[in-house]
1. Out of region 128-142, which residues are part of a helix (DSSP H, G or I) and touching a residue at least 60 places away in the same chain (Cβ under 8 Å)?
2. Give the number of residues within region 11-35 that are surrounded by 14 or more Cβ atoms within 10 Å (Cβ to Cβ) and assigned to a helix (DSSP H, G or I).
3. Select from region 6-60 the residues that are under 30 Å from Glu162 (Cβ atoms), touching a residue at least 12 places away in the same chain (Cβ under 8 Å) and hydrophobic (A, V, I, L, M, F, W, C) and list them in ascending order.
4. Would you mention how many residues in region 128-140 are open to solvent by 50 Å² or more (accessible area, probe 1.4 Å) and of a type in the set (Val, Ile, Thr)?
5. Report, by residue number, each residue of region 62-85 that is over 18 Å from Val119 (Cβ atoms) and open to solvent by 70 Å² or more (accessible area, probe 1.4 Å).
6. Does Ala160 satisfy the condition of being over 18 Å from the mean Cα position of the chain (by Cα) and in contact (Cβ under 8 Å) with a residue 40 or more places away in the chain?
7. How many residues does region 42-57 hold that are loosely packed, with under 12 Cβ neighbours inside 10 Å and either modelled with pLDDT of 95 or more or assigned to a helix (DSSP H, G or I) (or both)?
8. Do the conditions hold for Ile125, that is, is it in a helix (DSSP H, G or I) and either in contact (Cβ under 8 Å) with a residue 40 or more places away in the chain or open to solvent by 60 Å² or more (accessible area, probe 1.4 Å) (or both)?
Amino acid sequence: MQDPDPLRAIRFWLLVVITGLVFSGVTAFPLEAELRGLLLILRSTRLRSLAEHIHLLPWIDRVYGGLSITNKHFPFLAYGTDWLAFAHLVIAVAFIGPYRDPVRNEWVITFGLIACAGVIPLALIAGHIREIPIAWRFLDCSFGIFGGIPLLLCRRQIRALEHVEDEKKRGG
């Protein structure tokens, strides 16, 4: 079902995308502290048995151990995730263009869809090379899928908005 106001729908879905990118970016800075907090939660709650059963707790424990050792001895390596975080924030800014003028900036939606599609082979190939558990690689793939859904909805609404604008130009 089409939204009767395509511009409102476009802006809603773009806010979802922008919010997701900003959240992903901001949370990429304090990884060690976040993982420490997650471990405390997983170890001290009723989630512990589930987290152990699905191998989440050992994996998060391993990642945290590697990250804390790396940060202690080689803190400059975290600079890479700082740039990752910054890239998420910069990409979020790019979506302000289509928020303001979706028809003129539809190319940004296409760019976003290409990026979302690229997440899947990256997660599967690099994840395999880096020995990331398959379940985690599939979770990473889901970011590309769930990021692409609002962008596809935006593209559909942009087409509807173009149609409305064409009708107005024709006087109908």
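1. Those that are part of a helix (DSSP H, G or I) and touching a residue at least 60 places away in the same chain (Cβ under 8 Å): Ala135, Trp136.
2. 16
3. Answer for region 6-60, where residues must be under 30 Å from Glu162 (Cβ atoms), touching a residue at least 12 places away in the same chain (Cβ under 8 Å) and hydrophobic (A, V, I, L, M, F, W, C): Leu7, Ala9, Ile10, Trp13, Leu14, Leu15, Val16, Val17, Ile18, Leu21, Val22.
4. So the count comes out to 2.
5. Of everything in region 62-85, those that are over 18 Å from Val119 (Cβ atoms) and open to solvent by 70 Å² or more (accessible area, probe 1.4 Å) turn out to be Arg62, Ile69, Lys72, His73, Phe74, Pro75, Phe76, Leu77, Tyr79.
6. yes
7. 3
8. Yes; evaluated as a whole, the condition is true for this residue.
The values are calculated or read from the model by the stated rules, or taken from the named source; none is laboratory data. All values reported here derive from a predicted model rather than from experimental measurement. A quick note on method: Cβ atoms are made from the backbone with ideal geometry, for glycine too, and the neighbour counts reach across all protein chains shown. Side chains are part of the model used for accessible areas, which takes the heavy atoms of the whole protein and leaves out ligands, DNA and RNA. Shrake-Rupley method; radii C 1.70, N 1.55, O 1.52, S 1.80 Å.
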